[in-house]
Amino acid sequence: LKSHGGVHAVQSVCSLLAAVSGMGAIFLPATYRLALLRRCMIFAMTKHLAGILAACVLTARAIPEVGLSEARQRIEDLVQDPVAQYVFYAACLLVWLPTKMVADAPPLWWQQYPIIPVLFTGPILLREVVSTLFVLSDVLLLWVYSNQQAEGASPLVGLIKMGKSTVNALMSLLITAKVWRSADALQRQ
């Protein structure tokens, strides 16, 4: 969590806050939905902008080693990355959403179509919940295996192996088993 000057920790907190705000926008009364939806978008954007900024800083530091043209190519690749597109999606929705309710009532279209918060937050909520689960999984895994050497086998090791088997089975069904098994750790993330 200390990688890149603590950016990963900031991203993890923003991811959790985006997920909580997104769920609130779906499940809480209509008077809170607009504010929570805006917060969800802001936290999601902050998470990814922090990562993009950290990548830009790392690329800028690498200029003496790789050269200016290679650094420029890395930044161009970063802009075309799905993460940058995700930030653009969240920014467009944030700009389009009304900034406040008039007379403590949401806009008319908001009341007529209660599915709107679900449609807006669905992709973000899915991404942030999965991201938060990955972080929790990584922290739990590191904690279990660091304590295992000092204390011996832990009952959580079996739980971790069962979780890994479940994820492998589900992902083999979603994308072909051949593709999933041949993917390295980075591709699986």
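The values are calculated or read from the model by the stated rules, or taken from the named source; none is laboratory data. Keep in mind it's a predicted model, so treat the numbers as computed, not measured. Cβ atoms come from the backbone with ideal geometry, glycine included; neighbour counts cover every protein chain shown.
When only residues in segment 176-189 that are in a loop (DSSP other than H, G, I, E, B) and exposed (fewer than 11 other Cβ atoms within 10 Å of the Cβ) count, which is modelled with the lowest pLDDT?
Here the residue is Q189.
Quick grid of which residues meet (1) among the polar types (S, T, N, Q); (2) loosely packed, with under 11 Cβ neighbours inside 10 Å; (3) modelled with pLDDT of 80 or more; (4) in a loop (DSSP other than H, G, I, E, B):
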{"site": "A90", "(1), (2), (3), (4)": "no, no, no, no"}
{"site": "L93", "(1), (2), (3), (4)": "no, no, no, no"}
{"site": "T99", "(1), (2), (3), (4)": "yes, yes, no, yes"}
{"site": "P117", "(1), (2), (3), (4)": "no, no, no, no"}
{"site": "T121", "(1), (2), (3), (4)": "yes, no, yes, no"}
{"site": "I124", "(1), (2), (3), (4)": "no, no, yes, no"}
{"site": "E128", "(1), (2), (3), (4)": "no, no, yes, no"}
{"site": "L133", "(1), (2), (3), (4)": "no, no, yes, no"}
{"site": "S137", "(1), (2), (3), (4)": "yes, no, no, no"}
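All but one of (1) closer than 19 Å to Y89 by Cα; (2) of a type in the set (A, V, I, L, M, F, W, C); (3) touching a helix residue (DSSP H, G or I) at 6+ places or on another chain (Cβ under 8 Å) hold for A55; state the number of the condition that does not hold.
A55 satisfies every listed condition except (1).
Got at least one residue in segment 37-49 being without any contact (Cβ under 8 Å) to a residue 40 or more places away in the chain, buried (at least 17 other Cβ atoms within 10 Å of the Cβ), under 27 Å from P117 (Cα atoms) and aliphatic (A, V, I, L, M)?
Scanning segment 37-49 turns up at least one residue that is without any contact (Cβ under 8 Å) to a residue 40 or more places away in the chain, buried (at least 17 other Cβ atoms within 10 Å of the Cβ), under 27 Å from P117 (Cα atoms) and aliphatic (A, V, I, L, M).
Can you tell me which residue within segment 61-76, out of those that are of a type outside the set (S, T, N, Q) and exposed (fewer than 12 other Cβ atoms within 10 Å of the Cβ), is modelled with the lowest pLDDT?
E76
Based on what the data block shows, is A91 farther than 23 Å from L136 by Cα and either free of Cβ contacts under 8 Å to residues at least 24 places away in the same chain or of a type outside the set (G, A, S) (or both)?
no
Could you tell me whether segment 11-18 includes any residue that is farther than 12 Å from E128 by Cβ and surrounded by 14 or more Cβ atoms within 10 Å (Cβ to Cβ)?
The answer is no; no qualifying residue exists.
Against the definition (in a helix (DSSP H, G or I) and over 23 Å from I116 (Cα atoms)), how does V20 come out, yes or no?
Considered against the rule, which asks whether it is in a helix (DSSP H, G or I) and over 23 Å from I116 (Cα atoms), V20 comes out as no.
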